[in-house]
Amino acid sequence: MKKLIEKAKNTHSLSREELVSLLTDTTCSDELFAAADDVRRQYVGDEIHLRALIEFSNFCKNNCCYCGLRRDNKNIERYRIDEDTIFLLAEHAARNMGLKTIVLQSGKDMFFTQEKLCNIIRKIKTLDVALTLSIGEKTLEEYKAYKAAGADRFLLRIETTDKDLYLRHDPGMSFENRVQCIKNLGLAGLEIGSGVLVGLPGQKIESYADDILFFKAINADMIGIGPFIPHPDTPLKDAAGGTLETALKVMALTRLLLPDINIPATTAMETLAPNGQTKALQAGANVIMPNVTLTQYRKHYELYPGKSSTNYTSDESLRQVREKIASIGRTVSQAKGFHIRKPLA
Ligand code: 5AD
């Protein structure tokens, strides 16, 4: 195992079989995390990029079996934040909190048309920030329109590259279309963000290996990996859920194979353990996304239960994040944090 970790560290390339061996092994996690931490330091340095997350609508026309925002969940109160308030939240994040990237996230909400979104994008871009969208599958033309309005990046997780599993857990959706949408982000000139869930019922070790190879194949700029956490109002309520350990291993291997990309320490990791994000920052991650949504709405953006930061104000969330970063001797970046491609050493 040690040899394989060395190989990954030096060549940033592993076969599917080698990935499966490392993912199966239970004795070498600490070595794997240390190697990912070294590669992270070498390629993207000690600075952590903060992205202000605005969850602006929890309406969703999709019905993913793992997600609390799914269409059939009648137990959540649906909300939309209006355009002016979205701008005020972005302005507070940029001017008062000093954050350099605004992330606009929602369910697949048809209310926010291309025109509405482009207006919001243009307004937020006057704040001298980078802008990321995370609003689901759209057409190539729409992605191009967001880019033309000023959007820089887009997050669209593949969720799992195991097609059968995808179709089972995302009823009514097309796996091919999802892959095409991710490719279209690049064609539209947006930075490509993707990622997967770890620990879905039926998800296999081999499929994590495929996930990591997929991230390489799509030339991802950022990859978010989170453990699946069962939500009581979904069909997967009785599932076991993912573990922090496996999610961290998939993340660490992603860092080893895609050394210069941006990798968030995800909120789902923090939800599973109070030091989950800190561990992630020491196992390959270099990004944190503090939540700046109005506190009154946060509890309704319940992708999964116990979502960390739900009860805090934006300023409190940011303070906690800064403390976490300082406690491990890292610093907060003042840059917008674009993906800078480096020659592989
Ligand atoms: N547990 C963890 N993550 C989840 N997501 C959705 N539902 C859950 C859950 N139950 C993730 C998906 C989606 C992102 C916004 O939230 O991966 O892409």
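The values are calculated or read from the model by the stated rules, or taken from the named source; none is laboratory data. What you see is a predicted model, and the numbers here were worked out from it, not measured in a lab. Positions of Cβ are generated from backbone atoms using ideal geometry, with glycine treated the same way; all protein chains shown enter the neighbour counts. Ligands, DNA and RNA are stripped out before the accessible areas are found, and what is left, the full protein with its side chains, is counted by its heavy atoms. Shrake-Rupley method; radii C 1.70, N 1.55, O 1.52, S 1.80 Å.
Residues of region 128-144 that are of a type outside the set (Val, Ile, Thr), open to solvent by 20 Å² or more (accessible area, probe 1.4 Å) and more than 16 Å from the ligand (Cβ to nearest atom): ASP128, LEU140, GLU141, GLU142, LYS144. Among the residues here, ILE76 qualifies as among the β-branched types (Val, Ile, Thr) and within 16 Å of the ligand (Cβ to nearest atom). Among residues of region 90-111 being crowded, with 21+ Cβ neighbours inside 10 Å and among the hydrophobic types (A, V, I, L, M, F, W, C), the one that is farthest from ILE54 (Cα to Cα) is LEU99. Taking helices (runs of 4 or more DSSP H) as the structural unit, those lying wholly within region 130-211 and holding at least 2 residues that are of a type in the set (S, T, N, Q) correspond to 175-187. The residues on offer are ALA151, ALA188, ALA209, and the sole one that is small (Gly, Ala, Ser), more than 16 Å from the ligand (Cβ to nearest atom) and touching a strand residue (DSSP E or B) at 6+ places or on another chain (Cβ under 6 Å) is ALA151. Restricting to region 299-309, count the residues that are modelled with pLDDT under 90 and away from the ligand (no atom under 13 Å from the Cβ). Here the count works out to 1. Every condition in (1) in contact (Cβ under 8 Å) with a residue 24 or more places away in the chain; (2) in a loop (DSSP other than H, G, I, E, B); (3) farther than 13 Å from GLY107 by Cβ; (4) over 18 Å from the mean Cα position of the chain (by Cα) holds for THR26 except the one numbered (1).
For region 226-239, which positions are in contact with a Gly (Cβ under 9 Å, 6 or more places away or on another chain) and more than 10 Å from the ligand (Cβ to nearest atom)? PRO232, ASP233 - these are the residues of region 226-239 that are in contact with a Gly (Cβ under 9 Å, 6 or more places away or on another chain) and more than 10 Å from the ligand (Cβ to nearest atom). Scanning region 71-89 for residues that are under 23 Å from GLU191 (Cα atoms) and open to solvent by 30 Å² or more (accessible area, probe 1.4 Å) turns up just one, PHE87.
Contact map, region 264-285: first residue on the phi > 0 side of the Ramachandran plot and open to solvent by less than 10 Å² (accessible area, probe 1.4 Å), second residue among the basic types (Lys, Arg) and not in a loop (DSSP other than H, G, I, E, B), Cβ cut-off under 7 Å, separation 6 or more or different chains; pairs are GLY284/ARG40; GLY284/ARG255.
The single residue among ASN119, ASN62, ASN75 that is in a helix (DSSP H, G or I), of a type outside the set (Ser, Thr, Tyr), in contact (Cβ under 8 Å) with a residue 24 or more places away in the chain and farther than 30 Å from ALA326 by Cα turns out to be ASN119.
Condition check for LEU197 on (1) without any contact (Cβ under 8 Å) to a residue 60 or more places away in the chain; (2) of a type in the set (A, V, I, L, M); (3) open to solvent by 10 Å² or more (accessible area, probe 1.4 Å); (4) closer than 18 Å to LYS108 by Cβ: one failure, at (1). Being crowded, with 16+ Cβ neighbours inside 10 Å, more than 15 Å from the ligand (Cβ to nearest atom) and within 25 Å of ASP128 (Cβ to Cβ) is true of ILE48. For ILE223, are the conditions met, namely being more than 10 Å from the ligand (Cβ to nearest atom), open to solvent by less than 10 Å² (accessible area, probe 1.4 Å) and in contact with a Gly (Cβ under 8 Å, 6 or more places away or on another chain)? For ILE223, the condition - more than 10 Å from the ligand (Cβ to nearest atom), open to solvent by less than 10 Å² (accessible area, probe 1.4 Å) and in contact with a Gly (Cβ under 8 Å, 6 or more places away or on another chain) - is met. Take ASP170 and tell me if it is more than 23 Å from SER106 (Cβ to Cβ) and in contact (Cβ under 8 Å) with a residue 12 or more places away in the chain. Criteria not met by ASP170. Residues considered: LYS163, LYS183, LYS138. Of these, the only one that is under 19 Å from the mean Cα position of the chain (by Cα) and over 26 Å from GLU83 (Cα atoms) is LYS183.
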